[in-house]
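Structure, as structure tokens:
Read-outs: derived from the displayed coordinates by stated rules, not from any lab. The structure presented is a predicted model; accordingly, all values stated were derived computationally and were not measured. So basically every Cβ, Gly included, is an ideal-geometry build from the backbone, and we count neighbours across all protein chains shown.
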Amino acid sequence: MSAFKKLFTDMINADGESSKLNKDLSKQMLKVFVKETQPYFLVSDSFFYVPAYFTQAALDEFKKKFANVELNDLNEKVILISSWSLELKRVDSNAVFTSYAGLEVRLIVNSFKPQLTEALHPTRWPTNLYRDNEFKQTI
């Protein structure tokens, strides 16, 4: 089962209240494949992809610890997200392709590090979670 599908479905079912989610889940690290870095930073759990939204603190920490690596260099690499949260936002689904029916669950990245020596070659290409019929039904 897709980790993103479960997490995002739980967030929708909790009416966007992250306090209702299992506290142990948000403490788990997420190892993800970076599908693309431009124009959106999309990460995948090998089933689906979602956009990652980085806090300024996460970007500052990354630049400090990995001064020789640009964020765009992470395209098709693996990153380990050690601190994250979810937010439910109302958006214009005509303008935001990673949304459905005016809603987007956002993966907020507070801390991460690249796994530069680790290569991941997905056996299948991930698809947009917001195009999954079960997830759309949940929304």
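Quick one: net charge around ASP45, please, counting Lys, Arg +1 and Asp, Glu -1 for every other residue with C-beta under 13 Å from its C-beta. After counting each charged neighbour, the total is +4.
Counting only DSSP H runs of at least 4 residues, each contributing -39500 (n - 2.57), and dividing by the residue count of the chain, the helix-based mean residue ellipticity at 222 nm comes to -6000 deg cm²/dmol. On a 0 to 90° scale, report how tilted helix 56-65 is relative to the longest principal axis of the chain, with both axes built from alpha carbons and the result rounded to the nearest 10. So the inclination is approximately 20 degrees. Checking the a/c ratio against 1.5 first, then a/b against b/c, what shape does the Cα gyration tensor give for the range 85-139? Oblate.
What whole-number distance in Å separates the alpha-carbon centres of the range 74-139 and the range 1-56? If you average the Cα positions of each part, the centres end up 5 Å apart. Peptides 103-116, 69-82 ordered by packing proxy, namely the average of other Cβ atoms within 10 Å per residue, highest first: 103-116, 69-82. If you count Lys pairs in the range 3-138 whose Cα atoms are under 16 Å apart, skipping same-chain pairs closer than 8 places in sequence, the total is 17.
Going highest first, how would you order 8-17, 42-51, 88-97 by mean Cβ packing within 10 Å?
On the way: 8-17: 15.8, 42-51: 21.4, 88-97: 12.2.
In decreasing order of mean packing, 8-17, 42-51, 88-97 become 42-51, 8-17, 88-97.
Legend: Rg and Dmax of the range 3-138, from Cα coordinates, 14.6, 44 Å. Under the convention that each Lys and Arg Cβ holds +1 and each Asp and Glu Cβ holds -1, the size of the dipole of the chain around its Cα centre is about 180 debye. Taking amide H as placed 1.01 Å from N in the peptide plane, GLU36 has its amide H under 5 Å from the amide H of LEU42, GLU76, each at least 5 places away in sequence or on another chain. If we count every other residue with Cβ under 11 angstrom of LYS89's Cβ, Lys/Arg +1 and Asp/Glu -1, where does the sum land? For residues surrounding LYS89, the net value is -1.
As a calculated quantity, the FRET efficiency between VAL96 and LYS23 at R0 = 35 Å, using C-beta atoms, amounts to about 0.75.
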